[in-house]
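Structure first, then comments.
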Amino acid sequence: MPQFSPVVEIEDLTMQWSSYPVLNKINLTMRAGERIAIVGPSGCGKSTILRLLAGLLLPTKGGIRLFGIPQNYLRLDQTQPPDVRLVFQNPALLGSLTVEENVGFLLMRNNSLNPEEIREKVMTCLEAVGLYNVEKKYPGELSGGMQKRVSFARALIDNPDREVNEIPLLLYDEPTAGLDPVACTRIEDLIIKTTTMAQGCSMVVSHVQSTIERSAQRVLMLYEGKFQWDGSIEEFKQSDDPFVKQFRTGSLQGPMQPAEH
């Protein structure tokens, strides 16, 4: 795969629940190294985009290409899935496994490395997110913030079988929801650090202003199933576009109003 090829290509994608299109013929191209934030009111379909890219859902119509390959099957049905890593709002750790087993789960399952090599990779990733001497603990023994950092360490784990020029796509679904400002800053730093260390690109869904401004280079505004605005983070901070301005200021006045359906 050439370095200049798009990582994500979404073409006329529609996702429909019953008769209601959550996403209506959206288009998006994302290139290597980009950090994108998708913003918009609750329930507008932001997390649905992440789940489609992660292969947890299939679109009603339209197409998705990842690393140049059409995505026509759910991820569990793929024999050679693309390197897409989803970090949920909930850390989604397996409570019966230790931190070490959670972070190294996929490598242990692939059997491509011996236990010592896996442990070395796990420890490197835990240290990268500022966690020490927790590898033998279980998720229930950690604070919520530490569990979230474990989930970032898991996203850092590199698959030794991937192609040299293949880069991972990291997806973050409301990674700072419910956290205090200091904890938010730590997680925002981790988003940038994780994306850089994994030599990949990232897409963040968030309502938190600091997370949008600190972790993204480009912002897309989603409303009524379509991208209503697309621009750089600097343009987002200053734009007078009615959708952007209403979202940024939290105003009740503007084009985004409660859904009637």
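Descriptive notes on the structure:
- When K193, K237 are checked against the criterion of being farther than 28 Å from T14 by Cα, modelled with pLDDT of 90 or more and not polar (S, T, N, Q), a single residue qualifies: K237.
- Some residue of the stretch 63-76 being modelled with pLDDT under 90, of a type in the set (D, E, K, R) and under 20 Å from the mean Cα position of the chain (by Cα): yes
- Any hit, the stretch 155-177, residues being of a type in the set (K, R), modelled with pLDDT under 90, closer than 29 Å to Q217 by Cα and under 17 Å from the mean Cα position of the chain (by Cα): no
- One residue stands out among those in the stretch 224-256 that are of a type in the set (A, V, I, L, M) and assigned to a loop (DSSP other than H, G, I, E, B): the one that is surrounded by the most Cβ atoms within 10 Å (Cβ to Cβ), which is M256.
- Residues of the stretch 1-31 satisfying the condition of being assigned to a loop (DSSP other than H, G, I, E, B) and either touching a His at 6+ places or on another chain (Cβ under 8 Å) or surrounded by fewer than 19 Cβ atoms within 10 Å (Cβ to Cβ) (or both): M1, P2, Q3, F4, S5, P6, S18, S19, R31
- With respect to being modelled with pLDDT of 90 or more, farther than 15 Å from Q89 by Cβ and within 17 Å of the chain's Cα centre (by Cα), R214 fits the description.
- In the stretch 205-261, the residues that are closer than 19 Å to L53 by Cβ and of a type in the set (K, R): R218, K226
- Hits in the stretch 20-67 (condition: closer than 30 Å to Q253 by Cβ and polar (S, T, N, Q)): N24, N27, S42, S47, T48
- Search result, residues across the stretch 85-117 that are more than 24 Å from the chain's Cα centre (by Cα), at pLDDT 85 or above and not hydroxyl-bearing (S, T, Y): N114, P115, E116, E117
- Pairing each residue of the stretch 61-79 that is within 22 Å of R31 (Cβ to Cβ) with any residue that is modelled with pLDDT of 85 or more and among the polar types (S, T, N, Q), provided the two are 6+ apart or on different chains, yields C-beta distances under 6 Å for G62/T14; I64/Q71.
- The stretch 92-110, residues that are surrounded by fewer than 14 Cβ atoms within 10 Å (Cβ to Cβ), part of a helix (DSSP H, G or I) and in contact (Cβ under 8 Å) with a residue 24 or more places away in the chain: L106, N110
The values are calculated or read from the model by the stated rules, or taken from the named source; none is laboratory data. It should be emphasised that the depicted structure is a prediction, and the values quoted were computed from it without experimental measurement. For neighbour counting, all protein chains shown are included, and Cβ atoms are generated from backbone atoms with ideal geometry for every residue, glycine included.
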